[in-house]
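K.L.:
Have a look at this one before I ask anything.
The values are calculated or read from the model by the stated rules, or taken from the named source; none is laboratory data. Computed from a predicted model, the values in this text were never measured in an experiment. Cβ placement follows ideal geometry from the backbone for every residue including glycine, while neighbour counts extend to all protein chains displayed.
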Amino acid sequence: MSFADYGFAVWETFYVTVLATAFSLVIGLPLGVLLVAGDKDGVLPLPGWLMHLLNIVINILRSVPFLILMICVFPLSRAIVGTTVGTKATIVPLVVAAFPFVARLVETSLRELDEGVVEAAQSMGATPFQIITKVMIPECLPGLISSMTTALTTILGYSAMSGAIGGGGLGKVAISYGYYRYFTGMIGWVVAAVSLFFLGLYYTNRNLLYASSDFASVLYTMTMILLFLLPAISMRSFAEERKNRTDQLLLTSPVSIPAIVAGKFLAEVAVFALPLAAAVLMPLILKAFGTVSLVAAYSAVLGYLLLGSACLAVGTWISALTENQILAYLATFGALLVAYIMDGIQTMFTTGNLLAFIAFMVVVLIASILVGVICKRLTAGVTVFCVGAVVLFILFRLRPAWLLTAFNAVLSALALFDPFQDIVGGMFSIPAIVYYLSVIGLFLFLTGQALERRRWN
């Protein structure tokens, strides 16, 4: 895409936003004034049923997601501009979506006016029209200007979403050259370059210089690099969408949540697996000059791919929980680091049951907080904590060995890198594949649940 294309997209966005804002003001400003003046205590009282009808229409139009609203007003767009596709066609749904918003902003600004000013104008014999044009609007002009600025920025954001239905401007650029092209950014290339660099470095150092046939050890050394690279791949998956407010485009699109999650995840796996293609050739090079177990080598490659995919699933879930990419990166790095050193953490709980009890209490506390937040009920969280604390205390007093055994089992399940270590050691097994596939499935399911809550909330 050339610079001229970007310039034209900016111009399309500009004039669409300006025109839509102007038409929204023409409709929304009088309507907002009417909502205030038409009250039973206003300067121009209107019938109650009419005011009630106006409020219902405004509330309905404001509550409909913009993407759905664009589709619903297709007939109106076709009737006014003759088409439902293109830049001009987006003006109609933008106006329909924006004028109720403008009306509410105007209503809010006018209601901040001191009633004494209006009463003074009425006492001097001013007509309702004079009160509105010479008292209410001039007195509230600073607030109205601020409201119009808010409306302008909102319409600008709406115009970007119009790219989903064939509208032009920056929305089309974002959809065509951002959403559908993962590798146009620098992160994919940087990750591939760093992966290939360290893979080649370890391969040269361990296999070529020292004439070693153990290719699996190269991949095991690469696991430390994964702690830094994989969070960089997954951090943008949903956090960036949420920050840019394009997540609403995804959540209102005719695509299921599982399909969205799967598409994001497979794109991440593709970025991770692309440099791994070089690892497929490396054992063959060693085989040409010596004796190499290709079964062990390619088992390690498969285990490495499954390990990376499981880590990406964890990162994808974390990315769906926040709109901050940096926070998503740090949280994913922290989670993977804990999983990486889980063997050392387990040794802390082999000598005493009290530490296991304390750790389980922390887990119960976190779970109760999550339940309270998800259910939006303090009593639900308190109930979960109390029940969990009582059960843990009973186990600690009556069956402390059970508590320690259960906790060690939980820690073993969290040791994400252990199955791959076993694969590198020559103990590749079906349970290792099942474990990684289970982790992938679990965290992709949690990602879908996080998106479902945002869709309906």
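K.L.:
Return the residues of the range 283-300 that are of a type in the set (Gly, Ala, Ser) and assigned to a helix (DSSP H, G or I); say none if nothing qualifies.
P.N.:
288, 296, 297, 299, 300, listed by residue number.
K.L.:
Condition first: of a type in the set (Gly, Ala, Ser), modelled with pLDDT of 80 or more, assigned by TED's automatic domain parsing to the domain that holds residue 32 and touching a helix residue (DSSP H, G or I) at 6+ places or on another chain (Cβ under 9 Å). Can you find one or more residues in the range 124-139 that meet it?
P.N.:
Within the range 124-139 (the criterion being of a type in the set (Gly, Ala, Ser), modelled with pLDDT of 80 or more, assigned by TED's automatic domain parsing to the domain that holds residue 32 and touching a helix residue (DSSP H, G or I) at 6+ places or on another chain (Cβ under 9 Å)), the answer is yes, since at least one residue qualifies.
K.L.:
Can we say residue 292 is within 18 Å of residue 440 (Cβ to Cβ) and of a type in the set (Val, Ile, Thr)?
P.N.:
no
K.L.:
May I ask you to say which residue of 286, 266 is out of contact with any Cys (no Cβ under 9 Å at 6 or more places or on another chain) and at pLDDT below 80?
P.N.:
286
K.L.:
If you go through the range 81-89 one residue at a time, do you hit one that is over 22 Å from residue 14 (Cβ atoms), among the basic types (Lys, Arg) and either at pLDDT below 80 or surrounded by fewer than 20 Cβ atoms within 10 Å (Cβ to Cβ) (or both)?
P.N.:
Looking for residues that are over 22 Å from residue 14 (Cβ atoms), among the basic types (Lys, Arg) and either at pLDDT below 80 or surrounded by fewer than 20 Cβ atoms within 10 Å (Cβ to Cβ) (or both), one finds none in the range 81-89, hence no.
K.L.:
Among the listed residues 364, 301, 338, 255, which satisfies the condition of being of a type in the set (A, V, I, L, M), touching a helix residue (DSSP H, G or I) at 6+ places or on another chain (Cβ under 6 Å) and at pLDDT below 85?
P.N.:
None of the other options fit; the residue is 364.
K.L.:
Same structure, new question: Would you confirm, using the coordinates I've provided, whether residue 303 is assigned by TED's automatic domain parsing to the domain that holds residue 271, more than 14 Å from the chain's Cα centre (by Cα) and assigned to a helix (DSSP H, G or I)?
P.N.:
Judged against the criteria, residue 303 is a match.
K.L.:
For the range 112-156, which positions are under 42 Å from the mean Cα position of the chain (by Cα) and either surrounded by fewer than 15 Cβ atoms within 10 Å (Cβ to Cβ) or not in a helix (DSSP H, G or I) (or both)?
P.N.:
112, 113, 140, 141, 142, 145, 146, 149, 150, 153, listed by residue number.
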